[in-house]
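Encoded as structure tokens, the structure appears first; notes follow it.
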Amino acid sequence: MALDAPLPLNWQAVTLPEGCTLRRKETFEYVTAANIYDMELFQTQENMWYAIAIPREGERLIIYGSNEVQSAQMAIQIVVDKIAREGLENVPGADTEEPRR
């Protein structure tokens, strides 16, 4: 290893004040035929993962999310499957429908 090479950051070992949390976040862009989704993947200090995705287009704000799971792949897959099943492209008139109150 070169002398000036950065040391790996063990962020999961950081000691935090009581009541505080630290998460790592990665961002992705998920593109479907009907929309583009901004996706965020989070990792907790306990090495659990969850993901959320928000469509860029559409009249309503819809957030697709996973529960906390044991792998990044599983968290992203849950969100991709939800979008495929429940996404705006699968809801007739979703872009023209009045928001629910």
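The values are calculated or read from the model by the stated rules, or taken from the named source; none is laboratory data. None of the values given here were measured: they were computed from a predicted structure. A quick note on method: Cβ atoms are made from the backbone with ideal geometry, for glycine too, and the neighbour counts reach across all protein chains shown.
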Taking the conditions exactly as written (modelled with pLDDT under 95 and either touching a helix residue (DSSP H, G or I) at 6+ places or on another chain (Cβ under 9 Å) or not in a strand (DSSP E or B) (or both)), does P92 satisfy them or not?
yes
Name the residues in the stretch 59-80 that are surrounded by fewer than 14 Cβ atoms within 10 Å (Cβ to Cβ) and part of a helix (DSSP H, G or I), would you?
Q73
Count of the stretch 12-34 residues which are surrounded by 12 or more Cβ atoms within 10 Å (Cβ to Cβ), of a type in the set (S, T, N, Q) and within 19 Å of S66 (Cα to Cα):
1
Quick check, is R23 in contact with a helix residue (DSSP H, G or I) (Cβ under 9 Å, 6 or more places away or on another chain) and charged (D, E, K, R)?
no
Of all residues being out of contact with any Leu (no Cβ under 9 Å at 6 or more places or on another chain), in a loop (DSSP other than H, G, I, E, B) and not aliphatic (A, V, I, L, M) in the stretch 28-58, which is farthest from R85 (Cα to Cα)? Just the residue, please.
E46
Kindly evaluate D81 against the criterion of being in contact with a Ser or Thr (Cβ under 8 Å, 6 or more places away or on another chain), modelled with pLDDT of 95 or more and acidic (D, E).
no
When only residues in the stretch 12-27 that are part of a loop (DSSP other than H, G, I, E, B) and among the polar types (S, T, N, Q) count, which is nearest to the chain's Cα centre (by Cα)?
T21
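Determine, yes or no, whether T21 is within 28 Å of L9 (Cα to Cα) and among the β-branched types (V, I, T).
Working: within 28 Å of L9 (Cα to Cα): yes; among the β-branched types (V, I, T): yes.
In short, yes.
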